[in-house]
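One structure below.
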Amino acid sequence: MIAATGQSPPLIELSIAAKVSSTQNAFQVADSAVQLLGGKGLTRGFLIEKLFRDTRAAPIEDGSNDILALVRARKILWDPPLGA
């Protein structure tokens, strides 16, 4: 919820950071698993293929990670801390 002053609470910034880092980490793990399995990692029917597709789409869902990172950076750089 936006405070009466127009400033966002720290929970928004923390949720952005959590979403961006978790989707990046999930993709790195799925990518490593596909690399480990080679060609079979991308074969339809294998669990890792589904996980790879899902983690590839995750950064786009609920807002692009790049846009969320820019929003977070703007908050850090230009918004004064709450209570200041």
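The values are calculated or read from the model by the stated rules, or taken from the named source; none is laboratory data. Owing to the predicted nature of the structure, the values given are computational and were not obtained by experimental measurement. Every residue, glycine as well, gets a Cβ built from its backbone with ideal geometry; the counts of neighbours run over all protein chains shown.
Of the residues that sit in region 40-62 and are outside any helix (DSSP H, G or I) and in contact (Cβ under 8 Å) with a residue 24 or more places away in the chain, which one is farthest from Pro10 (Cα to Cα)?
Out of the qualifying residues, it is Ala58.
Which number in (1) aliphatic (A, V, I, L, M); (2) in contact (Cβ under 8 Å) with a residue 24 or more places away in the chain; (3) surrounded by 12 or more Cβ atoms within 10 Å (Cβ to Cβ) marks the one condition that Leu37 misses?
The failed condition is (2).
Would you point out which residue out of Asp62, Asp54 is among the charged types (D, E, K, R), loosely packed, with under 13 Cβ neighbours inside 10 Å and in contact with a helix residue (DSSP H, G or I) (Cβ under 9 Å, 6 or more places away or on another chain)?
Only one candidate qualifies: Asp62.
Restricting attention to region 35-48, does a residue exist that is at pLDDT 90 or above and either of a type in the set (Ser, Thr, Tyr) or within 10 Å of the chain's Cα centre (by Cα) (or both)?
No, region 35-48 contains no residue that is at pLDDT 90 or above and either of a type in the set (Ser, Thr, Tyr) or within 10 Å of the chain's Cα centre (by Cα) (or both).
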